[in-house]
1. Using modelled backbone amide H atoms (1.01 Å from N, in-plane), which distant-in-sequence or interchain residues come within less than 5 Å of residue 228's amide H?
2. Show 229, 442 ordered by accessible area, largest first, where the area counts protein heavy atoms only and the probe is 1.4 Å.
3. Output ³J(HN,Hα) for segment 245-262: one whole-Hz value per residue in order, computed from phi by the Karplus curve 6.51 cos²θ - 1.76 cosθ + 1.60 with θ = phi - 60°, and x for Gly and Pro.
4. Accessible area per residue for segment 339-497 in Å², computed with a 1.4 Å probe and the full protein assembly in place, what is it?
5. Starting from the amide H of residue 203, placed 1.01 Å from N in the peptide plane, find each other amide H under 5 Å away whose residue is 5 or more places distant or on another chain.
6. Determine the sum of side-chain charges near residue 254: Lys and Arg each +1, Asp and Glu each -1, restricted to other residues whose C-beta is under 15 angstrom from that of residue 254.
7. Counting other Cβ atoms within 10 Å of each Cβ, which GluC sites (Glu not before Pro) in segment 352-401 have at most 13 and sit in a DSSP loop?
8. Of the heavy-atom accessible surface of segment 304-435 (probe 1.4 angstrom), what whole percent is carbon and sulfur?
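The values are calculated or read from the model by the stated rules, or taken from the named source; none is laboratory data. All figures in this text were calculated on a predicted structure; none of them were measured in a lab. With ideal geometry, Cβ positions are generated from the backbone for all residues, glycine too; neighbour counts draw on all protein chains shown. Keep in mind that these areas ignore ligands, DNA and RNA; they rest on the heavy atoms of the full protein, side chains included. Shrake-Rupley method; radii C 1.70, N 1.55, O 1.52, S 1.80 Å.
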Amino acid sequence: MPVPIPRQRVIPAVENGHDGGAAPRTDRPTGSPTDTTRDTAPRGTTGPQTEPATTTEQTTTDATGAPRTTGGSDGTDRSGATSGPAAPTAAEAAEALARIAAGSAAHPGSGPASTALTLLVIEDDPAGSLNIPSLLDSAELTVRVRTARNLTEAERLLTDDVHCILLDLALPAPGPRPAETEDGTEDELAVLRHVLRLAPRHAVLALTGAENSARGPEAVRVGAQDFLYRDELDGRLLSRAVRYAVERKRADHAQRQLTESRLRAQENARLERGLLPTPLLEGAPLRFAARYRPGRSRALLGGDFYDTVRTADGTVHAMIGDVCGHGPDEAALGVELRIAWRALTFAGLCGDQLLSTLQKVLENERSDDEIFATLCTVDISPDGRSAGLCLAGHPSPLIARQGHLAELLPYDDNGPALGLLPQARWPRRQVELGRSWSLMLYTDGLIEGRIGAGNQRLGQDGMVSLVRGLLGQGLRGDALLEAAMTEVRALNGGELTDDVAVLLLDRMVPTSR
């Protein structure tokens with residue numbers, strides 16, 4: 001048997017008690033009970049409306065916003081009109097088309113345009129007592145109505161342009177036998193649960209009878225936006241309920257997205273804080289300070305990484321590195337390299353052996369063969385007077401010895417960055433630190449900031465001069481790092497675009513008298 005075609009029409013808004021010149025509408029059955037089209041003829045129409053059974057019709061909208069029906073091989077007006085208003089001008093037609101394209105069907109001069117909505121009605125009403133289009137004719141809302149007699153038809157008609165679903169709770173639930181609740185009783189809202197699973201993004205209105213008044217609030221609890229009683233339904237109530245349901249669904253969706261976004265942000269923040277290193281310097285006569293600022297907006301981690309640990313023999317190991325790039329993948333790779341460095345250091349590796357192993361980690365974990373990482377490692381002897389220095393394409397640390405100007409440690413034996421050369425080697429240079437000193441390790445984000453509006457960069461020489469000035473002011477530890485970061489940003493004219501990590505180790509031995 002042929003598949004019934006659902007009722008579908010556009011109902012123009014009616015304001016101030018008049019319809020802008022549209023005559024009352026009548027239903028004209030053309031086949032099955034669900035195949036019904038409602039037409040509008042101009043005011044003053046005379047003569048009967050007749051048409052052959054084989055005529056193909058098309059509903060259009062004239063310049064006043066009222067639907068018209070045309071069809072037939074001759075393209076004549078099938079509304080049966082013999083007199084009425086003149087044909088719209090080109091300007092009026094263009095205006096009407098613009099309103100239709102904007103999703104509005106408001107009449108000219110009737111105030112703000114109403115928003116066009118599509119309502120899918122799912123109900124089986126053999127008596128025909130529920131006529132949704134007739135109810136909406138008197139409501140101040142432009143609605144396209146689709147009608148489905150069962151859930152199978154509803155699933156076919158549930159397209160993305162549907163805004164709201166009006167569901168009759170009296171419909172039978174899908175399946176060969178009635179659905180049951182946990183206590184074994186019949187689930188009276190099984191059809192609603194099925195529709196909510198079918199259309200999770202659509203607003204749903206539950207329709208029930210006054211004799212089943214408890215179903216309405218329960219339907220809202222289950223997930224419907226509102227409920228209506230069949231016997232109390234009128235145009236204004238239905239219009240208001242549809243608009244309310246659509247807006248409430250939108251608000252619920254926006255609130256849910258906001259909540260999910262906040263939860264993700266909180267989880268990411270907790271995760272990133274947990275991935276930031278905790279220095280392990282228990283028993284070492286050193287003071288530790290660090291500053292970290294990722295280049296990505298609203299991020300806690302960037303491609304820069306650092307760490308400091310003290311091994312069982314009393315040696316203090318410090319490391320700082322930089323993965324090329326600024327995204328979350330680079331940040332994750334930096335965390336992997338830091339954790340690998342800590343594990344290898346506790347295992348007793350240092351110098352070339354440690355860096356060669358880290359390069360293997362990078363080569364296996366990076367997402368692209370072009371990704372590399374620079375690294376600086378320092379292992380300070382238990383007495384604190386000397387250190388071993390390895391540089392893998394990284395800027396050399398700055399040291400400020402007591403009684404001497406701050407300067408860079410030697411960097412002429414700098415090896416290549418990790419990930420560039422498969423068989424690279426990284427020599428370990430022994431350097432003297434002295435009795436009391438401050439050692440600052442940093443990434444290139446600190447020295448690549450601009451100076452003023454030109455193209456000149458701060459550079460290592462500029463950074464050394466800057467730190468010398470701050471040390472001359474008596475700044476040490478956290479105060480020194482905070483002042484250095486502030487001045488670098490001021491010279492740059494704003495926030496730095498690259499990730500920045502700075503690590504400071506101080507060894508201050510009181511002068512003997």
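1. 206, 207, 208
2. The residues order as 229, 442, largest area first.
3. Those phi angles translate into 5, 5, 5, 5, 5, 4, 5, 4, 5, 5, 5, 5, 5, 5, 5, 5, 5, 5 Hz.
4. Here the per-residue accessible area is 47 Å².
5. Excluding prolines and chain starts, which carry no amide H, the hits are 165.
6. Combined, the nearby Lys, Arg, Asp and Glu give +3.
7. 370
8. 51
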